[in-house]
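S.K.: Before I ask anything, here is the structure I am working with.
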Amino acid sequence: QLSFTTRTMPSTTTDDASYPKLAALGFCGADDSVNHRHLILLGKSYPTIEWGILFRPDKEGQPRYATRQWVCRLAELLRQNDVATAPPPIRLAAHLCGSHVNNLLSSSTDTSCANNIDTFLTELYNWGFRRVQVNATAVNGVHTEHLGEKATIQSFLRTTAAHLKKLEFIVQKNEETLPLWNGLLEQEALPENIVFLHDESKGTGKEASTWSTDPQFVTSSRKIVGYAGGIKPVNVGKVAQDTIKACQESGGKEFWIDMESGVRSKVIGASGKEEEDIFDLSKCYECIDTICELGLIEHPPVLQ
């Protein structure tokens, strides 16, 4: 359920069959500004795409944060199109913020928090989500003062174990979350469903100057690691090539890249005066086109 379909790099780049493969091309921040069917069409046409949806209850309905109604409608359409499909017809990743993360990180000591996060994670799975990113930073509305405490680490491990066969959990690795990821790496062994994303930007669009090659973040038997930070149409080609090298140097076999601010645009709204902040599928497609040109993924036959 958690495995990804991947393709090797073309011979024009390398003939080494062990070269890192692109596991997912992530676009985060899909919200009510997006037509559900357009999202599904692109996701089915390019199976490597992973649509990221941000969940933060106190910002629901604002740009970047889809309403519950919108998410339910997406899940409904996916069920209508592929009732018996497993895994789901398109890839969905839930990027948790705010109270969802606070509940998760308190779940080993607070029964109410455990019930709340487990119920929500089960709901996500039923909606078609298979990956969950934990954005444990202050800018994302999380109480970060206890990230390194034993109870916090145990809460994270409790949650991942409770959903081991269904969900993969992404740890957003940056300087602020050091107490959390350091505490996890100190464990004798991590569950197979915990992976790491190098992301110093924290969703703000800040470009990364370098990409980590630290092998300790290449976890699980799949040897996978993710990269994010300031990725957008104008630099996605170079980022893809640089992160392939970084993944290889760190001993990884698979990698993914994820972007958020780089695929948003300001447009004139219905009033003709106020600007609206939208999730821009045209920018997403610019990135898709570039990644196809590199040979990392393929256009569907109708576009070849």
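The values are calculated or read from the model by the stated rules, or taken from the named source; none is laboratory data. Only a predicted model underlies this, so the values are computations on that prediction, with no experimental measurement involved. Backbone-built Cβ (ideal geometry, glycine too); neighbour counts: all protein chains shown. All accessible areas refer to the heavy atoms of the entire protein, side chains included, with ligands and DNA or RNA removed. Shrake-Rupley method; radii C 1.70, N 1.55, O 1.52, S 1.80 Å.
Residues checked against (1) under 18 Å from Ile170 (Cα atoms); (2) buried (at least 23 other Cβ atoms within 10 Å of the Cβ); (3) touching a Pro at 6+ places or on another chain (Cβ under 9 Å):
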| site | (1), (2), (3) |
| --- | --- |
| Phe27 | yes, yes, no |
| Ile90 | no, yes, yes |
| Asp118 | yes, no, no |
| Asn126 | no, no, no |
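S.K.: Sticking with this structure for a sec: Restricting to the stretch 140-153, what's the tally of residues that are in contact with a Cys (Cβ under 9 Å, 6 or more places away or on another chain) and either part of a loop (DSSP other than H, G, I, E, B) or surrounded by fewer than 15 Cβ atoms within 10 Å (Cβ to Cβ) (or both)?
M.R.: 2
S.K.: Now for a different question. Quick one: in the stretch 267-299, which of the residues that are of a type outside the set (Asp, Glu) and over 23 Å from the mean Cα position of the chain (by Cα) is modelled with the lowest pLDDT?
M.R.: Among them, the one singled out is Lys273.
S.K.: Taking interchain pairs and intrachain pairs at least six residues apart, which have beta carbon atoms under 9 angstrom, with the first residue in the stretch 279-291 and without any contact (Cβ under 8 Å) to a residue 40 or more places away in the chain and the second open to solvent by 30 Å² or more (accessible area, probe 1.4 Å) and hydrophobic (A, V, I, L, M, F, W, C)?
M.R.: Here the result reads Asp280/Val267, each pair linking the stretch 279-291 to a residue that is open to solvent by 30 Å² or more (accessible area, probe 1.4 Å) and hydrophobic (A, V, I, L, M, F, W, C).
S.K.: Cβ-Cβ distance below 6 Å, separation of 6 or more or different chains: which pairs start in the stretch 11-28 with a residue that is part of a loop (DSSP other than H, G, I, E, B) and of a type in the set (S, T, N, Q) and end on one that is at pLDDT 70 or above and open to solvent by 70 Å² or more (accessible area, probe 1.4 Å)?
M.R.: Every condition considered, no pair remains.
S.K.: If you scan the stretch 176-207, which residues turn out to be at pLDDT below 90 and touching an Asp or Glu at 6+ places or on another chain (Cβ under 6 Å)?
M.R.: The one that is at pLDDT below 90 and touching an Asp or Glu at 6+ places or on another chain (Cβ under 6 Å): Gly203.
S.K.: While we're looking at this one, here's another question. Would you say Thr109 is open to solvent by 30 Å² or more (accessible area, probe 1.4 Å) and part of a loop (DSSP other than H, G, I, E, B)?
M.R.: yes
S.K.: Is the stretch 199-211 home to any residue that is open to solvent by 10 Å² or more (accessible area, probe 1.4 Å) and over 18 Å from the mean Cα position of the chain (by Cα)?
M.R.: Within the stretch 199-211 (the criterion being open to solvent by 10 Å² or more (accessible area, probe 1.4 Å) and over 18 Å from the mean Cα position of the chain (by Cα)), the answer is yes, since at least one residue qualifies.
Yes/no matrix, rows are residues, columns are (1) assigned to a loop (DSSP other than H, G, I, E, B); (2) surrounded by fewer than 19 Cβ atoms within 10 Å (Cβ to Cβ):
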| residue | (1), (2) |
| --- | --- |
| Arg64 | yes, no |
| Cys72 | no, yes |
| Gln80 | no, yes |
| His95 | no, no |
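S.K.: While we're looking at this one, here's another question. Suppose we filter Thr122, Thr137, Thr160 for residues that are hydroxyl-bearing (Ser, Thr, Tyr), out of contact with any Leu (no Cβ under 7 Å at 6 or more places or on another chain) and open to solvent by 10 Å² or more (accessible area, probe 1.4 Å); which single one remains?
M.R.: Going through Thr122, Thr137, Thr160 in turn, just one is hydroxyl-bearing (Ser, Thr, Tyr), out of contact with any Leu (no Cβ under 7 Å at 6 or more places or on another chain) and open to solvent by 10 Å² or more (accessible area, probe 1.4 Å): Thr122.
S.K.: Additional query: Out of the residues in the stretch 163-198 meeting the condition of being open to solvent by 60 Å² or more (accessible area, probe 1.4 Å) and among the charged types (D, E, K, R), tell me which one is nearest to Glu254 (Cα to Cα).
M.R.: Per the stated criteria, the residue is Glu192.
S.K.: Can I ask one more? Return yes when Asp32 is open to solvent by 70 Å² or more (accessible area, probe 1.4 Å), modelled with pLDDT of 95 or more and not aromatic (Phe, Trp, Tyr) and no when it is not.
M.R.: So Asp32 fits the description; yes.
S.K.: Also, I was wondering about something else. Is it the case, given these coordinates, that Lys21 is closer than 29 Å to Arg158 by Cβ and of a type in the set (D, E, K, R)?
M.R.: Considered against the rule, which asks whether it is closer than 29 Å to Arg158 by Cβ and of a type in the set (D, E, K, R), Lys21 comes out as no.
S.K.: So in the stretch 35-52, with the set limited to residues that are surrounded by 14 or more Cβ atoms within 10 Å (Cβ to Cβ) and touching a residue at least 60 places away in the same chain (Cβ under 8 Å), which one is nearest to Asn116 (Cα to Cα)?
M.R.: Gly52
S.K.: Among the residues of the stretch 276-291, what is the count of those that are in contact with a helix residue (DSSP H, G or I) (Cβ under 9 Å, 6 or more places away or on another chain) and in a strand (DSSP E or B)?
M.R.: 1
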